[in-house]
1. First obtain the Kirkwood hydrodynamic radius of the range 39-113 from its Cα pairs, then insert it into the Stokes-Einstein equation at 37 °C and 0.692 mPa s, and state the resulting D in µm² per second as a whole number.
2. Kindly sort M135, M96, M52, M125 by accessible area of their heavy atoms, largest first, with the probe set to 1.4 Å.
3. Working with all protein chains in place, sort K45, K57 by solvent-accessible area computed with a 1.4 Å probe, largest first.
4. Could you order E115, E21 by accessible surface area, starting with the largest, using a probe radius of 1.4 Å?
5. Might you work out the accessible area of I139 for me, using a 1.4 Å probe with all protein chains in place, and round it to the nearest 10 Å²?
6. May I ask for the equivalent-ellipsoid semi-axes of the range 35-171, computed as the square root of five times each C-alpha gyration tensor eigenvalue and listed largest first in whole Å?
7. Give me the Debye-computed log₁₀ of I(q)/I(0) at q = 0.13, 0.29 Å⁻¹ for the range 91-146, equal point scatterers on Cα only, no solvent, two decimals.
8. Which one, G134, A109, G60, projects farthest toward the positive side of the charge dipole computed for the range 60-146 from Cβ point charges (K/R +1, D/E -1)?
Amino acid sequence: MKSVQQEVDERSNLTGTNKFELLLFRLGGDANGEHSELFGINVFKIREIVAMPTITKVAGAPEHVLGVVNLRGQIIQVLDLPGIAGVTPRTGLNIMLVTEFARTTQAFAVESVEEIVRLDWSQVMSAEHSAGSGMVTSIARLEPVDGEQARLAQVLDVETILRNLNPDSHS
């Protein structure tokens, strides 16, 4: 069994091995409440994953800002990631992904978290020509699990999502 330090060392050394880790999650179904797409975010942007706490609504907040939460003394804005992606959660917004990058902390509400996968960069193709309006940076091809077909995960560009929601604060 690996020690915590060995796991930390492995994760820290991924850049030298042409590999990275992706947290896979689901946001909900399409307009008919059916097919649920798989999404991903680079684990280096995730500070923590928590069960959805009580959200305080903020007067005059932009459309996809659910409000704020007090997480261990820090006030964090919570964004409606399914709403931004145009899907409807089947079971509600159950999980909060707390992210840190560009010296900001924010949280994304998601329906469920699936797993963390380690990928080689050769399994990822650019999504610059897709119809994702800049929200999707790439598509990751995941190895088949338990005899299933290979899965695809859309890797979200959370920086672009934040820039689109708060254009004045990310100049």
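The values are calculated or read from the model by the stated rules, or taken from the named source; none is laboratory data. What you see is a predicted model; the values in this text were computed from it and never measured. Cβ sites come from the backbone with ideal geometry, for glycine too, and all protein chains shown count toward neighbours. Accessible surface is based on the protein model in full, side chains and every heavy atom, while ligands, DNA and RNA are left aside. Shrake-Rupley method; radii C 1.70, N 1.55, O 1.52, S 1.80 Å.
1. 260
2. M125, M52, M135, M96
3. Result of the area sort, largest leading: K57, K45.
4. Final ranking, largest accessible area leading: E115, E21.
5. Roll a 1.4 Å probe over it and I139 shows about 30 Å².
6. Ellipsoid half-lengths, sorted descending, are 26, 17, 14 Å.
7. -0.52, -1.04
8. Farthest towards the positive pole: G60.
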